[in-house]
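Student: Have a look at this one.
The values are calculated or read from the model by the stated rules, or taken from the named source; none is laboratory data. Here the structure is a predicted model, which is why all the values come from computation and not from measurement. Glycine also receives a Cβ, built like all others from the backbone with ideal geometry; neighbour counts cover every protein chain displayed. Side chains included, ligands, DNA and RNA excluded: accessible areas come from the protein's heavy atoms. Shrake-Rupley method; radii C 1.70, N 1.55, O 1.52, S 1.80 Å.
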Amino acid sequence: MAKVFDCIIIGGGFAGLQAAIQLGRYNHTILVIDSNHGRSTICKSYHNILGYPDGVSGGTLRSLGKLQAESYGVEFVEDEVTDAEKTTNNFILRGKSGETYEAKKILLATGVMDRIPDIPNIMPCLGLTIYVCPDCDGYEVKDEKVVLLGSGSTGANLALTLSYWTKQIVYINHDGRDLDEELKSNIQQKGITYIKQEIESVITGEKAHEFKGVKLKDGTTIEGDRGFIGFGGNKVKTDLAQKLGVERLENKHINVNPRTKETNIANVWAAGDILAHSEQVTIAMGDGSQAAIWIHKRILSEMK
């Protein structure tokens, strides 16, 4: 008979790992199912996390978190959950691998993934010299010449946000989606250079992660010290939640009890970017820990 876990955590990012550590310390049987394809896998240097003034990569934090959780008996499997259903007492999950998993409780921590066009040389720079989040990395471009690779109003609004940090911004509207006149006027007033043209490639230095600018389709090169991306259309990974009947908002994020992080479906919790879309490591960790505490409380109440 297949093992029935007290709780299965779907997603091995920061929310899922923090929850796994907390639940492991409660001596519950926990399985983390992780596809190893999330936002934290592309972020190579966080500088806004307590205790890491010199920065830390998402990969490092994930590796350390996994080891810590495993020390408490938490199990891990690399798989992608493609289907889920509620039985009388438990939940049955089916993986892309063909494996089936069963648990009494579920924590969804599937996260959000950025839309990143297939532009040559962009991936090695991400998180090091090309950034995604202005709240995390706006400070990193202070007084630098920034080339913003983006799309339509999403990119334009990000350019306006970054103007707090630097006055040297070139916004390249890669997808060519139109801006309304008010937005055009706003970026012009901020002195932001606006170019509506497709990007052919990112220009790098001697090292693959050294951003030097971009080359446009017409052959023009735009030099810069740092890059930012703002394409919009990020993937909110809550399709699995929908299959379980979990309530989603119009933007596909999940509505939870703010205190317990439990969804409208009993014994299904959610944590991390699929909630408020804060895109902050520390908030995701807090969500994971909070959800884990209430999962533990529920398990205890059912033991009485």
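Student: Rounded, prolate or oblate: which fits the range 1-134 when a ≥ b ≥ c are the square roots of the eigenvalues of the alpha-carbon gyration tensor, with rounded for a/c under 1.5 and prolate only if a/b beats b/c? Could you put the intermediate results ahead of the total?
Tutor: Details: a/c = 2.85, a/b = 1.62, b/c = 1.76.
It is oblate, given that a/c is not under 1.5 and a/b is not larger than b/c.
Student: Okay, next question. Out of all DSSP beta bridges in the chain, what portion is antiparallel? Express it as a percent rounded to 5.
Tutor: Among the beta bridges of the chain, antiparallel pairing accounts for roughly 40 percent.
Student: What does the charge dipole of the range 1-103 about its Cα centre add up to, to the nearest 20 debye, if the Cβ of each Lys and Arg holds +1 and the Cβ of each Asp and Glu holds -1?
Tutor: Its charge dipole is roughly 260 debye.
Student: Could you give me the radius of gyration and the Dmax of the range 1-77, taking only the C-alpha atoms into account and expressing both in angstrom?
Tutor: 13.2, 48
Student: Another question about this same structure. Could you tell me which Cys residues in the chain have no other cysteine's Cβ under 4.7 Å from their own Cβ, answering none if every one has a partner?
Tutor: C7, C43, C125
Student: Sticking with the crude label model, points 7 Å out along Cα→Cβ, report the distance from S278 to D225 in nm, one decimal please.
Tutor: With each label point 7 Å from Cα toward Cβ, the separation is 3.1 nm.
Student: Follow-up question, since we're still on this one. Write down the radius of gyration of the chain and its Dmax, each obtained from C-alpha positions, in Å.
Tutor: Reported Rg and Dmax, both Å: 21.2, 71.
Student: If you find the alpha carbon centre of the range 30-46 and of the range 114-180, how far apart are they in angstrom?
Tutor: After rounding, the separation between the Cα centres reads 23 Å.
Student: Also: Can you tell me the mean projection area, over all orientations, of the convex hull of the range 215-274's alpha carbons? Units nm², please.
Tutor: 6.9 nm²
Student: Using a 1.4 angstrom probe with every protein chain in place, what is the largest-first accessible-area order of M303, M285?
Tutor: Of M303, M285, the descending order of accessible area is M303, M285.
Student: While we're here: Give me D for the range 156-304 in µm² s⁻¹, whole number, from Stokes-Einstein with Rh from the Kirkwood sum over alpha-carbon pairs, 37 °C and 0.692 mPa s.
Tutor: After rounding, the answer is 173 µm²/s.
Student: Any lysines with Cα under 29 Å of the K3 Cα? List them, leaving off those in the same chain fewer than 8 positions away.
Tutor: Result set, ordered by chain and number: K66, K86, K96, K104, K105, K237, K243, K261, K297, K304.
Student: According to the square roots a ≥ b ≥ c of the eigenvalues of the Cα gyration tensor, what is the shape class of the range 176-244, taking rounded for a/c under 1.5, prolate for a/b larger than b/c otherwise, and oblate for the remainder?
Tutor: Details: a/c = 2.41, a/b = 1.29, b/c = 1.86.
Cα axes put the range 176-244 in the oblate bin.
Student: Taking the Cα centre of the range 1-100 as the origin and placing charges on Cβ (Lys, Arg +1; Asp, Glu -1), which of S57, Y26, V77 is farthest toward the positive end of the dipole?
Tutor: It is S57, whose Cα lies furthest towards the positive end.
Student: Charges only on Cβ, +1 for Lys and Arg, -1 for Asp and Glu: so what's the dipole of the chain about the Cα centre, in debye to the nearest 20?
Tutor: Dipole about the Cα centre, nearest 20: 700 debye.
Student: Counting Lys +1, Arg +1, Asp -1, Glu -1, what net charge surrounds K217 among other residues with beta carbon under 12 Å of its beta carbon?
Tutor: Details: positive: K196, K215; negative: E198, E200, D218.
Around K217, the charge tally is -1.
Student: I've got another one for you. If r is the Cβ-Cβ distance from E198 to N255 and R0 is 30 Å, what FRET efficiency results, to the nearest 0.05?
Tutor: So, using R0 = 30 Å, E works out to roughly 0.20.
Student: Name the residue farthest towards the positive end of the dipole of the range 198-304 from the options V214, G227, G288, assuming +1 on Cβ of Lys and Arg, -1 on Cβ of Asp and Glu, about the Cα centre.
Tutor: The residue sitting farthest along the positive end of the dipole is G288.
Student: Once R0 is set to 22 Å, what does the formula 1/(1 + (r/R0)^6) return for the Cβ-Cβ distance between E80 and N27, expressed as a FRET efficiency to the nearest 0.05?
Tutor: 0.20
Student: Between beta-carbons, use under 15 Å as the cut-off and find the net charge around M303, counting Lys and Arg +1, Asp and Glu -1. If you can, show how the numbers build up before the last one.
Tutor: Details: positive: K104, K105, K297, R298, K304; negative: D6, E302.
With Lys, Arg at +1 and Asp, Glu at -1, the neighbours total +3.
Student: Show me the chymotrypsin sites (Phe, Trp or Tyr not before Pro) within the range 137-191 that DSSP assigns to loop and that have at most 12 other Cβ atoms within 10 Å of their Cβ. Please report the intermediate quantities before stating the final value.
Tutor: Numbers: sites: Y139, Y164, W165, Y171; in loops: Y164, W165.
Loop-located and lightly packed - Y164.
Student: Which of the aspartates and glutamates could be linked to K235 by a straight reach, that is with a Cα gap under 15 Å, when you skip same-chain ones fewer than 8 residues away?
Tutor: D114, E250, D273, E279
Student: Loop only by DSSP, 11 or fewer other Cβ within 10 Å of the Cβ. Give me the GluC sites (Glu not before Pro) in the range 181-228 that pass, ordered by residue number. Spell out each step's value before the answer.
Tutor: Numbers: sites: E181, E182, E198, E200, E206, E210, E223; in loops: E198, E206, E210.
Here the GluC sites (Glu not before Pro) that fit, given the DSSP loop and packing criteria, are E206.
Student: Largest first and in whole Å, what are the equivalent-ellipsoid semi-axes of the range 76-186 based on the Cα gyration tensor, each being the root of 5 times an eigenvalue? Each step should come with its number before you reach the end.
Tutor: Values: eigenvalues 334, 52, 41 Å².
The answer is 41, 16, 14 Å, longest axis first.
Student: Treating only the Cβ atoms of Lys and Arg (+1) and Asp and Glu (-1) as charged, compute the dipole magnitude of the range 84-205 about its Cα centre; round to the nearest 20 debye.
Tutor: Using Cβ point charges on Lys, Arg, Asp and Glu, the range 84-205 gives about 360 debye.
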